[in-house]
Amino acid sequence: MALRPDLILLDEPMAGMNLEEKEDMARFIIDLNEEWGMTVVMIEHDMGVVMDISNRVMVLDFGRKIAAGLPAEVMANAHVKKAYLGEEDDEDDGVSGKVA
């Protein structure tokens, strides 16, 4: 932070943290953005943290972008629900591979 970068990249900053530590780290990340004016690009699997502190979210599924936008929009995306929650995709082609 001493060099005051415009952009900071964080890879799994919440890994291995308990709830209190996650809350402290989330506040720090928000401060970097709001008070220091830094753009924060974060790779994180804790969706609660991601949705709580992000202005924009991009979701990858096996390295392919399946959604991007505001957190609420991304959470409502059918492709995201299918990939991460196991829910049925509205755009499913109807071929399940199962024998009735």
Would you mind ranking F28, F62 by Cβ crowding within 10 Å, fewest neighbours first? F62, F28
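Run through every distinct alpha carbon pair of the chain and return the Kirkwood hydrodynamic radius in angstroms, one decimal place.
15.5
Given Cβ point charges of +1 (Lys, Arg) and -1 (Asp, Glu) and nothing else, what value in debye, to the nearest 20, does the dipole of the chain about its Cα centre take?
Values: 9 positive and 22 negative charges, 55 e Å.
Roughly 260 debye for the chain.
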For L70, put the label point 7 Å out on the Cα→Cβ axis and report which residues of segment 30-58 keep their amide N under 13 Å from it. 55-57
Quick check on the chain: helices-only [θ] at 222 nm, where DSSP H runs of length 4 and up contribute -39,500 (n - 2.57) each and the sum goes over total residues. Nearest 500, please. -8500 deg cm²/dmol
Considering only K81, K65, K22, give the residue with the highest GNM mean-square fluctuation for the chain, with springs between Cα atoms whenever their separation is below 10 Å. K65
Order these by the 10 Å Cβ neighbour count, fewest first: L10, L32, L19, L3. L3, L19, L10, L32
Sorted by Cβ density within 10 Å, fewest first, the residues V40, V80: V40, V80
How far apart, in nanometres, would the label points at V41 and K81 be if each is projected 7 angstrom from Cα along the Cα-to-Cβ direction? 3.1
What full-extension length gain, to one decimal in nm, is calculated for E12 and I30 as 0.36 nm per residue of separation minus the Cα-Cα distance? 4.9 nm
What three numbers, in Å, describe the spread of the alpha carbons of segment 1-54 along their principal axes, ordered from the longest? 29, 18, 18
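Read the figures in this text as sums done on the coordinates, not as results from a lab. Everything numeric here is computed off the predicted structure, so don't read it as measured data. All Cβ positions, glycine included, derive from the backbone under ideal geometry; neighbour counts span all protein chains shown.
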